[in-house]
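First the structure, in the form of structure tokens, and then the observations on it.
Where a number appears in this text, it was derived from the coordinates with a stated rule and is not lab data. These numbers were taken from a predicted model, which means no experiment stands behind them. So basically every Cβ, Gly included, is an ideal-geometry build from the backbone, and we count neighbours across all protein chains shown.
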Amino acid sequence: MSGDPTAAGPYTIALRVPANTQIQAHTHRDDRTAVVVSGTWNFGYGQKAERALEKALGPGSFYSEPAGVAHFARTGAEPVTLYISGYGPTDTHYLDVSADPRGTR
């Protein structure tokens, strides 16, 4: 949407996550904030994805992803769209490398 998350400087991205998707625990090097645009985003902080730690965030919800703090998320029966902002360059580090959907890094 704005800026380049791979370069130094502010950025905002639109993240569209399909229905029934689980995103395992991971961290980012930069502080990030996010707004749920559509759908229900089940989000939690922790070293391992656990439903007991999740909070259901609906459209208009705002939350943060502090630098280096592990977090995870999942969608239910509907896709979710988020706007995520931070200051790049950013990265994504999965705590369990085998859970990285991008393959071996």
### Query
If you take the square roots of the eigenvalues of the alpha-carbon gyration tensor of the stretch 1-60 and sort them as a ≥ b ≥ c, do you get rounded (a/c under 1.5), prolate (a/b over b/c) or oblate?
oblate
### Query
Size of the dipole of the chain about the Cα centre, Lys and Arg at +1 and Asp and Glu at -1 on the beta carbon, nothing else charged, in debye to 20?
160
### Task
With springs connecting C-alpha atoms under 10 Å apart, model the chain as a Gaussian network and identify which of 26, 93, 71 has the largest mean-square fluctuation.
93
#### Entry: Dipole axis of the chain (+1 Lys, Arg; -1 Asp, Glu on Cβ), positive-most option in 67, 52, 85
52
### Task
Sort 4-15, 79-90 for me by packing, meaning the mean count of neighbouring Cβ atoms within 10 Å per residue, highest on top.
79-90, 4-15
### Task
With an 8 Å cut-off on Cα pairs and a minimum separation of 6 or more residues, tell me the relative contact order of the stretch 9-88 in percent.
51
### Query
Counting Lys +1, Arg +1, Asp -1, Glu -1, what net charge surrounds residue 17 among other residues with beta carbon under 14 Å of its beta carbon?
+1
### Summary
Among (1) 35, 31, 22; (2) 134, 25, 20; (3) 48, 22, 20, the entry matching Cα extents along the principal axes in Å as calculated here is (1)
## Note on the structure
In whole angstrom, the spacing between the Cα centers of the stretch 85-105 and the stretch 9-66 equals 14
